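Student: Sharing a structure here in structure tokens format.
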Amino acid sequence: MVNQNVENLNEVFHALANDTRRDMISMMATQERTISELAEPFDISLAAISKHIKVLERANLVERIINGRTHICRLNTESLSQATEWLHFYEKFWSKHFDLLEIELMKEKRKEQ
């Protein structure tokens, strides 16, 4: 179970590392999109768009619904939530350490005065 979560996080961060895929996710955040709608703003082939979507699907960031010849992509927020939770842990870690650093710097400043 833990390995599965780690592997999924790896896939999520790999998928999010590409600006085209991040833009596609932003487009799907407001509504479901067809492959053609996702491809429209980009100056790349449909084959390249399809590869990007497959990366997003492997990361469980996107669900594809096939209705005849129309492929509709929907954002799956569960994987994003897991990544956000992971990042939030480290945000708390760094905030705590920056708070401690600030206290120490203030002590040093008072000593100098």
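The values are calculated or read from the model by the stated rules, or taken from the named source; none is laboratory data. Note that the coordinates shown come from a computational prediction; the quantities given were computed from them, not determined experimentally. With ideal geometry, Cβ positions are generated from the backbone for all residues, glycine too; neighbour counts draw on all protein chains shown.
Student: What single numbered condition from (1) at pLDDT below 95; (2) more than 13 Å from the chain's Cα centre (by Cα); (3) closer than 15 Å to ARG21 by Cα fails to hold for GLU63?
Tutor: Evaluating GLU63 over (1) at pLDDT below 95; (2) more than 13 Å from the chain's Cα centre (by Cα); (3) closer than 15 Å to ARG21 by Cα leaves (1) as the failure.
Matching residues to (1) modelled with pLDDT of 95 or more; (2) of a type in the set (A, V, I, L, M, F, W, C):
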| position | (1), (2) |
| --- | --- |
| MET24 | yes, yes |
| GLU57 | yes, no |
| TYR90 | no, no |
| SER95 | no, no |
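Student: What's the number of the only condition in (1) loosely packed, with under 14 Cβ neighbours inside 10 Å; (2) in a helix (DSSP H, G or I) that LEU38 fails to meet?
Tutor: Looking at each condition in turn, LEU38 falls short on (1).
Student: Can you name every residue in region 42-65 that is aliphatic (A, V, I, L, M), more than 13 Å from MET28 (Cα to Cα) and in a helix (DSSP H, G or I)?
Tutor: Result: LEU46, ALA47, ALA48, ILE49, VAL55.
Student: Got a sec? Which of ILE72, ILE66 is touching a strand residue (DSSP E or B) at 6+ places or on another chain (Cβ under 6 Å) and among the hydrophobic types (A, V, I, L, M, F, W, C)?
Tutor: ILE72
Student: When residues of region 19-44 are filtered for being of a type outside the set (D, E, K, R) and touching a residue at least 24 places away in the same chain (Cβ under 8 Å), how many remain?
Tutor: Going through region 19-44 one residue at a time, the tally reaches 9.
Student: Are any residues in region 45-99 exposed (fewer than 12 other Cβ atoms within 10 Å of the Cβ), under 17 Å from GLU11 (Cα atoms) and either aromatic (Phe, Trp, Tyr) or touching a residue at least 60 places away in the same chain (Cβ under 8 Å) (or both), and if so, which ones?
Tutor: The answer is none; no residue qualifies.
Student: Also: Inspect region 66-77 for any residue being within 30 Å of GLU37 (Cβ to Cβ) and assigned to a helix (DSSP H, G or I) and give the result as yes or no.
Tutor: Taking every residue of region 66-77 in turn, at least one turns out to be within 30 Å of GLU37 (Cβ to Cβ) and assigned to a helix (DSSP H, G or I).
Student: Hey, does region 83-96 have a residue that's outside any helix (DSSP H, G or I) and not aliphatic (A, V, I, L, M)?
Tutor: no
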